[in-house]
Amino acid sequence: MATPETILRWYRELVAKKYDGSAKRGPGRPGTVPEIVRLLLRMARENPSWGYTRLRGALKNVGHGVGRNTIKRILQEQGIDRAPTRKRRYSWETFIRAHFGAIAAADFFTVEVMGLLGLVRIYVFFVIDVASRKVEVAGICRQPGGLWMDQMARNLLDAVDGFLLGKRYLLVDRDPLYAREFREVLTRAGTKVVRLPARSPNLNAFAERFVLSIRSECLDRIIPLGERHLRRAVSEYLKHYHQGRNHQGLGNALVDSSMAANDKGRVRRRQRLGGLLSYYHREAA
């Protein structure tokens, strides 16, 4: 009827069935909540030097208890390397933000001005404080040269109101106008001139953004009738840029923090350049 091996197998199956608890077994250990996973990935990307234990502690600080091996598994699944590897990948954006208060940037832009004999190209040289977004037009001329740039450097380092006082780095492109003499004047004063790689405007994004702003909001909407007219337009725009223009990079605030908001009084419009530039504010109570 049956072999001894078959009878023994039946016996083992009866014993296993008696102690089978699969019907009462739960779904297993719950997975990590997606919200915690997103927070973990954010912490890992924003802090390249943090290892698994440091990330576990940071999650604990905000009320999430996650095991070290779980953190390791999640990061590996998302293709995020271990801390020693991530730490070496120091992005340019992170470097800039870490040195905001000590960095300024400079750039040129040109404007075609209507003169008596036709169009004349005018160069505008400006510098921008990366942290505060404050801008100063260092000079405007038709044909900038070495001597002119040397004088611009000395003006920017003036002991009383030099724009570059206290700045450790000045970002510039590869324009030949930033000659060796210009760089040496700044270096002797403690400001190192960092020449960016060729064809990399994204590395001087703050200066490039200012050029876009002044062109789109002002210069592309007027016809400069001579150098004096251009100087006035640039001057008026700078006042608007600092006192009447909200900047998304500053939390939609004004560069000039002294222009405090007022919730009383009548709303007034302040116009510049014949209404081309507007700022709305309330009268002082």
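Counting the residues of segment 163-191 that are under 18 Å from Phe100 (Cβ atoms) and surrounded by 13 or more Cβ atoms within 10 Å (Cβ to Cβ) gives 10.
Results for (1) closer than 26 Å to Cys141 by Cβ; (2) of a type in the set (A, V, I, L, M, F, W, C), shown as yes or no for each residue.
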site	(1), (2)
Arg215	yes, no
Arg221	yes, no
Gly226	yes, no
Ser235	yes, no
Leu238	yes, yes
Tyr241	yes, no
Gly244	no, no
Gln248	no, no
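Screening Phe182 against (1) of a type in the set (Phe, Trp, Tyr); (2) modelled with pLDDT under 95; (3) touching a strand residue (DSSP E or B) at 6+ places or on another chain (Cβ under 6 Å) leaves a single unmet condition, (3).
Scanning segment 1-16 for residues that are loosely packed, with under 10 Cβ neighbours inside 10 Å and among the acidic types (Asp, Glu) returns a single hit, Glu5.
Within segment 133-187, the set of residues being over 25 Å from Ser200 (Cβ atoms) and basic (Lys, Arg) comprises Arg142, Arg154. Candidates are the residues of segment 100-137 that are small (Gly, Ala, Ser) and surrounded by fewer than 18 Cβ atoms within 10 Å (Cβ to Cβ); the one that is farthest from Phe163 (Cα to Cα) is Gly118. If we scan segment 208-222, do we find a residue that is touching a Ser or Thr at 6+ places or on another chain (Cβ under 7 Å) and exposed (fewer than 15 other Cβ atoms within 10 Å of the Cβ)? Looking for residues that are touching a Ser or Thr at 6+ places or on another chain (Cβ under 7 Å) and exposed (fewer than 15 other Cβ atoms within 10 Å of the Cβ), one finds none in segment 208-222, hence no. Taking the residues in segment 114-155 that are part of a loop (DSSP other than H, G, I, E, B) and touching a residue at least 40 places away in the same chain (Cβ under 8 Å) as candidates, determine which candidate is farthest from Tyr241 (Cα to Cα). Across segment 114-155, the extreme among qualifying residues is Arg142.
The values are calculated or read from the model by the stated rules, or taken from the named source; none is laboratory data. Quick caveat, the model's predicted, so the values are computed rather than measured. Note that we place each Cβ from the backbone using ideal geometry, even for glycine, and neighbour counts take in every protein chain shown.
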